Amino acid sequence: MELGIQDTEQQLPEPSKWEKMKIWLSLRYSTRNAHDHFVWRIATGSTALFGSLSMLAAVLGMPTGLGTAIDIIVFLAINTAAMSLAAVLLSFLLNLMYLSLPLRFTSVLLYVSVETYLILYFAELGILMSIIVSLAFSLTGALAGCLLGILIKMKIRSGSKAILAFCFACIIAVAFATMDWAGPAPLPQRESVQNDQASADSVAALEAPNPAEPGKFAFQAFTYGSGKDKHRAIFADGADVLSAAVDASTYITKWSSLKTRFWGFDEHDLPLNGRVWMPEGVGPFPIALIVHGNHLMEYFSDGGYGYLGEMLASKGIIAVSVDENFLNYSVWSGIPNNDMKVRAWLLLKHLQQIKQLNEATGNLFSDRVDFEQVALIGHSRGGQAVAMAADAERWFNEDKTMDSLKGIAIKSVIAIAPTDKQVDDKSARLTDVNYLTLQGARDADVNNFYGDRQYSRTTFMGQLGKFKAALYIGDANHSQFNSDWGRMDERPPGGLFLNRQNLLEAEEQRQISKVYVSAFLQATLLGDERYEPLFRDYRTGLAWLPDTLYTNRYEKASFTEIARYDDGKRKTVLKDGGKASATGMKEWQIVSAEDRDRKNKGTKGMELEWSKPGAEYELEIPLSMRTEADGIAEGNFVFSMANLERDLISQAEAAGKAEVTNDTEEDVVLPPLPEVEIELITEDGESRELELADIMPVSPPSYTAFMSLSWLEERMKEEKYKESTEPVFQTYVLPIEEFGTEEKAIAVQEISRITFRFVNGPGKVMLDDIGFMP
């Protein structure tokens, strides 16, 4: 019997190493979820839900063009499948290490953490902040699930569970509401600002209708297009006028095949599509083309300026919103190379197309357009494109297809929050073109006032009726100038971190745009001079504008220069032999004006810094300059000044005398606003003084907290938002008659010296564009 057993045992083969491995792997796979008990399973589901929320935020920022609902369904389904697969594979791999953990929960937690990190990292939150936020987010989801699982498992009545859950929710809500969150960075506060009621009451309101209100013209709206648009019927079968396509392959050499698949065309066959608002009545009418900037390609931008189109048409100006969406960035197909140049080129092609239609018969444009009165309006990259189009010869002089542009006179250019990047190492320079730029201080996309650079590059050679102007708006952002771009200046998820406290409402911001665009074009295209004082002093139109901080710059073509500093050589010797001197100044020097990022704006000014009251900057005016200004009737002494108090704060912080942080309002120390006296001395030695505050108080800087959490200001998007303010020039227009007396007036040609006296301190400012103006 024993022999038989031994024979049987000897007959059983020893399992191979591979078979043992398969048995071990099978055991590790089947037991991978052994520690995932009820509470951990609930926590796994909760964490997975948070992962889906992360993906939802990402999906909204990378549209496919199929529609938001389809994008959400598809990407959440893919994410759920990927998460499930990761849970299986990771839990199996972790179980091979004999870890005594709830491995399915751990795997899902790792997946969601990595997923959230990658989403935040590509939103430019930075490596460290992406790690911190992703871990906090994922662990919050896990903790919520654990608490819910424990509550469900408790052996108490269902009603008691509901009461307990309600109590937990209340405790969490109270803790959330009362916790001292970092919040947006605290901003310096002053008791009053320049546009307070006392300041506004000292300025007479314009005696003119509100330019933002509808005008007297009825109008019709229609579209022109290729007739083949895949996504918008108004440019396909619904187009009222057919237009020809244009070949941009001379400029575009990189065009994604995915972009071709989306649009149905490539760089050889770009369509000319536009939305038109045309006044009814006897023409021809002036025309204004409006062009959008670089928003996400799949979220079409051209419809967002209908509020401007309708308003301008009611005033007697044809408005056209141009479609350049196919040049915009897509997460999937990128952006064509040379897009900035092509934006300007395509705008000119629209003008050519409309001119051809105007000269033809039997269409809605026939004999309706006055090409001697053309305006271009652009937003963001479109704001740079309109300046380039108005200076077309700088880039397109060799393009023979542009010959038919002769006879088209671009009289006015409006740039709303424009970019200003060099293209082919060149920048637009406008000559004898009216120019207006608008910029929001809370623009989180184009966060520097680049329109101010183009303002400085706009000059006049002899057409005395022209002018240029700039408006800086305290609580305006980038996107709300377009009614289709929403309230966030960055796409999700990054845009979710932007601070929207006290931001102007969308209608308020567009009200500012309507007032200034309408007034500017009525003044420059329709010849209504009643609106020009608005650009000289924004306070004349405060009745039409929402309450926020404004700063404006202005110059007429008839400006007579006393001092400009762009050549960097006129510190003591001015134009035509004039002289400059300073007393009591800590520093006085010609330096480059800087933007928010402390980069060169492309212009220079006289920087004055003083420590004690009584510092002076004096200009001696030569006879030849006074003679040049002799023809100015009802003259004004004008200058632009920027408050550089941020430099004083930085100096104090560096010296350890003050600490400016994002943590406590008490740490923000502000120097006083400069109090300035202007003294004019006549050739007879008679002195006349005027306090600047009697005309317009010195502008305080507009401080901005871009992020909803203060500690993100210096960490997100490579420190893009670390500077809370940007020095901006305010133009001061002082009527010469204000320096006179009832007994004796003073004439421009009598003034031999001008002194800026700073009666308090410390302070630091920059002066530029000093002169006389009608």
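The values are calculated or read from the model by the stated rules, or taken from the named source; none is laboratory data. Small disclaimer: the values here were computed from a predicted structure and weren't measured. Glycine gets a Cβ as well: all are built from the backbone with ideal geometry, and neighbour counts include every protein chain shown. Side chains included, ligands, DNA and RNA excluded: accessible areas come from the protein's heavy atoms. Shrake-Rupley method; radii C 1.70, N 1.55, O 1.52, S 1.80 Å.
Side notes on the structure shown:
- Hits in the range 565-577 (condition: surrounded by fewer than 20 Cβ atoms within 10 Å (Cβ to Cβ), in contact (Cβ under 8 Å) with a residue 24 or more places away in the chain and within 19 Å of PHE637 (Cβ to Cβ)): LYS575, ASP576
- Flag for THR64 being under 22 Å from LEU258 (Cβ atoms), of a type in the set (Ser, Thr, Tyr) and touching a residue at least 12 places away in the same chain (Cβ under 8 Å): yes
- Qualifying residue in the range 447-466 (condition: free of Cβ contacts under 8 Å to residues at least 60 places away in the same chain, surrounded by 21 or more Cβ atoms within 10 Å (Cβ to Cβ), in contact with a His (Cβ under 8 Å, 6 or more places away or on another chain) and within 21 Å of GLY382 (Cβ to Cβ)): no
- Among the residues of the range 604-630, those that are buried (at least 16 other Cβ atoms within 10 Å of the Cβ) and part of a loop (DSSP other than H, G, I, E, B) comprise ILE621, PRO622, ALA629.
- Complete set of residues in the range 467-489 that are surrounded by fewer than 21 Cβ atoms within 10 Å (Cβ to Cβ) and more than 22 Å from LEU542 (Cβ to Cβ): SER483, ASP484, GLY486, ARG487
- The set of residues from the range 548-564 being β-branched (Val, Ile, Thr) and surrounded by fewer than 22 Cβ atoms within 10 Å (Cβ to Cβ) comprises THR548, THR560.
- Residue that is nearest to ALA144 (Cα to Cα), among those in the range 21-43 that are among the charged types (D, E, K, R) and open to solvent by less than 90 Å² (accessible area, probe 1.4 Å): ASP36
- Pairs where the first residue, in the range 421-445, is under 19 Å from ASP595 (Cβ atoms) and at pLDDT below 95 and the second is open to solvent by less than 10 Å² (accessible area, probe 1.4 Å) and basic (Lys, Arg), C-beta under 8 Å, 6+ apart: none
- Within the range 490-535, the set of residues being under 23 Å from the mean Cα position of the chain (by Cα) and assigned to a loop (DSSP other than H, G, I, E, B) comprises GLU490, ARG491, PRO492, PRO493, ASN499, ARG500, GLN501, ASN502, LEU503, LEU504, GLU505.
- The range 719-761, subset charged (D, E, K, R) and in a loop (DSSP other than H, G, I, E, B), residue least open to solvent (accessible area, probe 1.4 Å): GLU726
- In the range 250-284, the residues that are open to solvent by 40 Å² or more (accessible area, probe 1.4 Å), assigned to a loop (DSSP other than H, G, I, E, B) and of a type outside the set (A, V, I, L, M, F, W, C): THR250, THR253, LYS254, GLY264, ASP266, HIS268, ASP269, GLU280, GLY281, PRO284
Yes/no per residue for (1) crowded, with 19+ Cβ neighbours inside 10 Å; (2) at pLDDT 95 or above; (3) part of a loop (DSSP other than H, G, I, E, B):
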{"position": "LEU289", "(1), (2), (3)": "yes, yes, no"}
{"position": "GLY293", "(1), (2), (3)": "yes, yes, yes"}
{"position": "TYR305", "(1), (2), (3)": "yes, yes, no"}
{"position": "PHE326", "(1), (2), (3)": "yes, yes, no"}
{"position": "PRO336", "(1), (2), (3)": "yes, yes, yes"}
{"position": "ILE354", "(1), (2), (3)": "yes, yes, no"}
{"position": "GLY362", "(1), (2), (3)": "no, no, yes"}
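- Consider the range 94-125 and keep the residues that are aromatic (Phe, Trp, Tyr) and surrounded by 15 or more Cβ atoms within 10 Å (Cβ to Cβ). The one that is farthest from GLU718 (Cα to Cα) is PHE105.
- Against the test of being within 28 Å of PHE92 (Cβ to Cβ) and modelled with pLDDT of 90 or more, the options THR64, THR68, THR47 yield a single qualifying residue, THR47.
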